[in-house]
Amino acid sequence: MLWLKKLFSHSSMNARNPAEEADLELLAPVSGTVLSLDDVPDPVICERIAGDGCAFIPEGNTIKAPCDGMLVRLLPSNTAFCIKSKLGPEIYVRFGIGTDYFSGEGFEAVKKTGDEVKAGDDIITFDLSQAAPAFMTTATSMIALKSSAAIARVTVSSGKALAGQTGCMWIFLKKDEAKAD
């Protein structure tokens, strides 16, 4: 039994915190419950066609920047944006499913395309009570676009998250792409 105890204590000592080893840590863009992309009812998202990430059931009224970078895209409906991080990966954040023909009632952009942003900066504000009936789901996706960088893997958390405060997604770049500190 002693060998079993040593085995478990040894493996827990070697457990690694992704925030300490990742090339890029992303903060929750909205407050709420973190979901797997598998739980998002959109084939492009749940099949990870554009990239890997996580989603949230939002509980607030603000979508924040998950990392430092430049706001490179903002949909006219103010329901989605993309930030090019300083390390290269582009992070796409999209509120809800069923936004294709939504014109943006209740959504307001705080920043504009071309703005430099810091992790936790407000990007979009919205009225959840006004927005919810217009969408199939309010699940808000955060995806590391695989076409934007040589991403080796993405690790995500689960549970509750606070917008702009809780680390919930970590990006590991392929070794030749990672920048040394």
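The values are calculated or read from the model by the stated rules, or taken from the named source; none is laboratory data. On a predicted model such as this, the values are computed, not experimentally measured, just so you know. Quick reminder, even Gly has a Cβ in these numbers, built from the backbone with ideal geometry, and neighbours come from all protein chains shown. In case anyone asks, the SASA skips ligands and DNA or RNA and just uses the protein heavy atoms, side chains included. Shrake-Rupley method; radii C 1.70, N 1.55, O 1.52, S 1.80 Å.
The length gained on full extension between THR62 and ALA19, counted as 0.36 nm times the residue separation minus their Cα-Cα distance, comes to 13.1 nm.
Ranking GLY106, ALA22, THR137 by how far each Cα lies toward the positive end of the dipole of the chain (charges on Cβ) leaves ALA22 at the top.
For the range 23-99, the relative contact order is 26 percent, taking Cα pairs closer than 8 Å that sit 6 or more residues apart in sequence and dividing their mean separation by the residue count.
Phi angles across the range 38-55 convert, under the Karplus curve 6.51 cos²θ - 1.76 cosθ + 1.60 with θ = phi - 60°, into 3J(HN,Hα) values of 4, 8, 8, x, 9, x, 5, 7, 5, 8, 6, 5, 7, x, 9, x, 8, 9 Hz, Gly and Pro given as x. A simple spin-label model places the labels of VAL44 and THR166 2.7 nm from each other, with each point 7 Å out along Cα-to-Cβ.
Three principal axis extents of the range 81-165 based on alpha-carbon atoms, in descending order, are 38, 29, 27 Å. Against the chain, whose longest principal axis comes from its Cα atoms, helix 2-13 is set at around 40 degrees. Under Stokes-Einstein, with the Kirkwood radius over Cα pairs as Rh, the value for the range 25-170 at 20 °C and 1.002 mPa s is 146 µm²/s. Remark on LEU35: its backbone amide H falls under 5 Å from those of ALA55, PHE56, ILE57, a criterion applied only to residues 5 or more positions apart or on other chains, H modelled at 1.01 Å from N. Counting only protein heavy atoms and using a 1.4 Å probe, the accessible area of ARG73 comes to about 120 Å². Each Cα pair under 8 Å and six or more residues apart adds its sequence gap; the mean of these over the residue count of the chain is a relative contact order of 32 percent.
Counted residue by residue at 0.36 nm each, then reduced by the alpha carbon distance between them, the extension gain from GLU116 to SER36 reaches 25.9 nm. Computed from the Cβ-Cβ distance with R0 of 41 Å, the FRET efficiency linking SER157 to GLU105 stands at 0.80. The magnitude of the dipole of the chain, with charges of +1 and -1 set on the Cβ of Lys/Arg and Asp/Glu and taken from the Cα centre, is near 600 debye.
Here the dipole of the range 82-177 is about 500 debye; that uses its Cα centre as origin and unit charges on the Cβ of Lys and Arg (positive) and Asp and Glu (negative).
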